[in-house]
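Sharing a structure with you now.
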Amino acid sequence: MAPPASINMSVHSADRPLDNYQFTFESYLDDSAQIEPDQAYLFPNDNPENDRVDEQYEIIKMIMDGRLHLAPFSDDRPPRRVLDIATGTGIWAIEMGDKYPEAEIIGTDLSPIQPGFVPPNVRFFIEDSRDDWDYPAKFDFIHTRVTLGCWSDMKNEIIQRSFDHLQPGGWLECQEIPAPVMCDDGTLPEDFGWLRWVRDFRAGGQVANRQVDLGPQLTGWMHEVGFVDIHEMTFKIPINGWPKEMRLKHIGMMWQRNLLEGLSGFSLGMFNQLGKTVEEIETSVLSDTGFRGAHHR
């Protein structure tokens, strides 16, 4: 069973540098904590989660055969000005800076969790991309990756603003993973634990006003805001080691471990919206997702 990763590509300050920003990360959740519906980010960004996100990045790069992007840039035709929205630990922006040393790479995020030692052409800024964008020049490449749960209205907050801030002929590439798990042969039972988890995750997203099913809607949103030459590619990611083919088996085992490592953080923020206590989430939700027993027939 495998969730498809949808990658869509389309053609078409007042920011604060990290050095000037003081940031305090508060304890994520205790037994009495409640996350406000308008909180900017509902998931943890502590060191264990940052390590998990970096591992997730490497798995996705494996799925894409080592490519950083699918937009038609190359050493002979490099991008000149690149924006990485919700850059996280900044690993993609840093590798883009290494690959395209003449390009200007900007990564933005809510948290200053990026390293201090980066290529000279890479800069990071603290920014909530849901707010108005104020960049002095337009970009020829804008990138997002795995931002489910970050936006209340990705079409207008991200895709429309990307359209407005791209040079003519520029590209937007969104690498997003939809929440539900898929099954090639229709044998996935309705009471499968992961499906129950997804239903609660979606319900929490509705209460929190956060979109969690981004992948299937990207192409339509891009058309609606005016992008042309839109390409959609789907990559299957096994959720454990069921495939017989060794490459996919290895990817599935890595993806299973990555999901299990992040499951607590994914669940606490969203399920807290539904009135579940931390104890209820840990004991009843996290113990029955069915990752280990899922298989493809």
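For region 159-199, name all the residues that are under 30 Å from Phe141 (Cβ atoms) and among the hydrophobic types (A, V, I, L, M, F, W, C).
Hits for region 159-199 are Ile159, Phe163, Leu166, Trp171, Leu172, Cys174, Ile177, Ala179, Met182.
Among the residues of region 154-163, which ones are more than 12 Å from Leu83 (Cβ to Cβ) and open to solvent by 10 Å² or more (accessible area, probe 1.4 Å)?
Lys155, Asn156, Glu157, Gln160, Phe163
When residues of region 140-183 are filtered for being within 18 Å of Asp109 (Cα to Cα) and touching a strand residue (DSSP E or B) at 6+ places or on another chain (Cβ under 8 Å), how many remain?
17
Which one of Pro178, Pro168 is surrounded by 15 or more Cβ atoms within 10 Å (Cβ to Cβ) and on the phi < 0 side of the Ramachandran plot?
Answer to the check: Pro178.
Restricting attention to region 142-201, which residues are among the hydroxyl-bearing types (Ser, Thr, Tyr) and under 28 Å from Glu224 (Cα atoms)? Don't jump to the end; show me each part of the working.
The initial filter retains those residues of region 142-201 that are among the hydroxyl-bearing types (Ser, Thr, Tyr), namely 144, 147, 152, 162, 187.
Thr144, Thr147, Ser152, Ser162, listed by residue number.
Mind counting the residues in region 124-155 that are in contact with a helix residue (DSSP H, G or I) (Cβ under 9 Å, 6 or more places away or on another chain) and more than 22 Å from Gly269 (Cβ to Cβ)?
Going through region 124-155 one residue at a time, the tally reaches 10.
Next question, about the same structure. Inside region 41-69, can you point out the residues that are part of a loop (DSSP other than H, G, I, E, B) and open to solvent by less than 30 Å² (accessible area, probe 1.4 Å)?
Within region 41-69, Leu42, Phe43, Pro44, Asn45, Met64, Leu68, His69 meet the criteria.
Tally up the residues in region 76-95 that are within 19 Å of Ser162 (Cα to Cα), aliphatic (A, V, I, L, M) and either open to solvent by 50 Å² or more (accessible area, probe 1.4 Å) or assigned to a helix (DSSP H, G or I) (or both), please.
So the answer is 1.
Are any residues in region 103-124 open to solvent by 30 Å² or more (accessible area, probe 1.4 Å) and part of a strand (DSSP E or B), and if so, which ones?
Glu104, Arg123
The values are calculated or read from the model by the stated rules, or taken from the named source; none is laboratory data. Everything quoted here is computed from the prediction, not taken from an experiment. Positions of Cβ are generated from backbone atoms using ideal geometry, with glycine treated the same way; all protein chains shown enter the neighbour counts. Surface areas here come from the heavy atoms of the whole protein model, side chains and all, with no ligands, DNA or RNA. Shrake-Rupley method; radii C 1.70, N 1.55, O 1.52, S 1.80 Å.
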